[in-house]
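S.K.: Next up is a structure, given as structure tokens.
The values are calculated or read from the model by the stated rules, or taken from the named source; none is laboratory data. Note that this is a predicted model, so its numbers are computed, not measured. All Cβ positions, even for glycine, are placed from backbone atoms using ideal geometry, and neighbour counts span all protein chains on display. For the accessible areas, the whole protein counts, side chains as well, though only heavy atoms, and no ligand, DNA or RNA atoms are used. Shrake-Rupley method; radii C 1.70, N 1.55, O 1.52, S 1.80 Å.
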Amino acid sequence: MLYSDKVMDHFEHPRNVGVIENADGVGQVGNPKCGDIMKMYLKIDDGIITDVKFKTFGCGSAIATSSMATEMIMGKSVEDALKLTNAAVAEALDGLPGYKMHCSVLAEEAIKAALGDYYRRRGEPVPPECVLPCEDEDHHHGACSCGSCGD
């Protein structure tokens, strides 16, 4: 089977889909090669992620990784959420085909972009792991996390 049961479950029944009005952090990332776009919304109270929602335009793997990533950071501290890796997301889904691993990278990057936005809104220094490249050959981050290019 190409996709695990967990991937199929999170694709067919994604968790935490939606928008958080007045979110404390919002991050959007995309991959123009495959057309996947992920947007993450965070609600954070006293350093704890109390709500997380996503909107993803993309393939089944993009939706599944977004869904799993939101479940993995819900209720966690901001510091713990910063440690989330794409490999952990893929592992939690019982694996992804190699050519779909970029979806787990986007999920990690969307969370880190949202966390970077959270720090910026608070006027705090943005941790280095939240500073994503504005543009490289695989990604363009719609809500630039560098804070200096104006995107």
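S.K.: Which ones in the stretch 42-63 are in contact with an Asp or Glu (Cβ under 8 Å, 6 or more places away or on another chain) and buried (at least 18 other Cβ atoms within 10 Å of the Cβ)? Can you show your working first?
M.R.: Restricting attention to the stretch 42-63, the residues satisfying the condition of being in contact with an Asp or Glu (Cβ under 8 Å, 6 or more places away or on another chain) are 42-44, 47, 56-59, 62.
Passing the criteria: LEU42, ILE44, THR56, GLY58, ALA62.
S.K.: OK, next. Find all pairs meeting these conditions: Cβ atoms under 6 angstrom apart; at least six residues apart or on different chains; first residue within the stretch 41-64 and touching a residue at least 12 places away in the same chain (Cβ under 8 Å) and farther than 15 Å from ALA114 by Cβ; second residue basic (Lys, Arg) and part of a helix (DSSP H, G or I).
M.R.: SER61/LYS100
S.K.: What number of residues in the stretch 93-122 are out of contact with any helix residue (DSSP H, G or I) (no Cβ under 6 Å at 6 or more places or on another chain), in contact (Cβ under 8 Å) with a residue 24 or more places away in the chain, open to solvent by 10 Å² or more (accessible area, probe 1.4 Å) and under 20 Å from LYS33 (Cβ atoms)?
M.R.: Adding up the residues that qualify gives 3.
S.K.: Also, I was wondering about something else. Do we find a residue being open to solvent by 40 Å² or more (accessible area, probe 1.4 Å), within 23 Å of VAL126 (Cα to Cα) and of a type in the set (Gly, Ala, Ser) anywhere in the stretch 67-77?
M.R.: Of all residues in the stretch 67-77, those open to solvent by 40 Å² or more (accessible area, probe 1.4 Å) come to 71-72, 74-76.
With the extra rule that they be within 23 Å of VAL126 (Cα to Cα), the set shrinks to 72, 74-76.
Applying the additional criterion that residues be of a type in the set (Gly, Ala, Ser) yields 75.
The answer is yes, given that some residue of the stretch 67-77 is open to solvent by 40 Å² or more (accessible area, probe 1.4 Å), within 23 Å of VAL126 (Cα to Cα) and of a type in the set (Gly, Ala, Ser).
S.K.: What are the residues in the stretch 41-69 that are under 14 Å from ASN86 (Cβ atoms) and modelled with pLDDT of 95 or more, if any?
M.R.: Let us first name the residues in the stretch 41-69 that are under 14 Å from ASN86 (Cβ atoms), namely 61-62, 64-66, 68-69.
Of everything in the stretch 41-69, those that are under 14 Å from ASN86 (Cβ atoms) and modelled with pLDDT of 95 or more turn out to be ALA64, THR65, SER66, MET68, ALA69.
S.K.: Right, something else. Can we say GLY35 is small (Gly, Ala, Ser), at pLDDT below 95 and surrounded by fewer than 19 Cβ atoms within 10 Å (Cβ to Cβ)? Even if it seems obvious, please write down each step before you answer.
M.R.: Values: small (Gly, Ala, Ser): yes; at pLDDT below 95: yes; surrounded by fewer than 19 Cβ atoms within 10 Å (Cβ to Cβ): yes.
So GLY35 fits the description; yes.
S.K.: Okay, next question. State which residue pairs qualify: first residue open to solvent by 60 Å² or more (accessible area, probe 1.4 Å) and inside the stretch 1-27, second residue assigned to a loop (DSSP other than H, G, I, E, B) and hydrophobic (A, V, I, L, M, F, W, C) in any location, beta carbons under 7 Å apart, and separation of 6 or more residues or different chains.
M.R.: LYS6/LEU93
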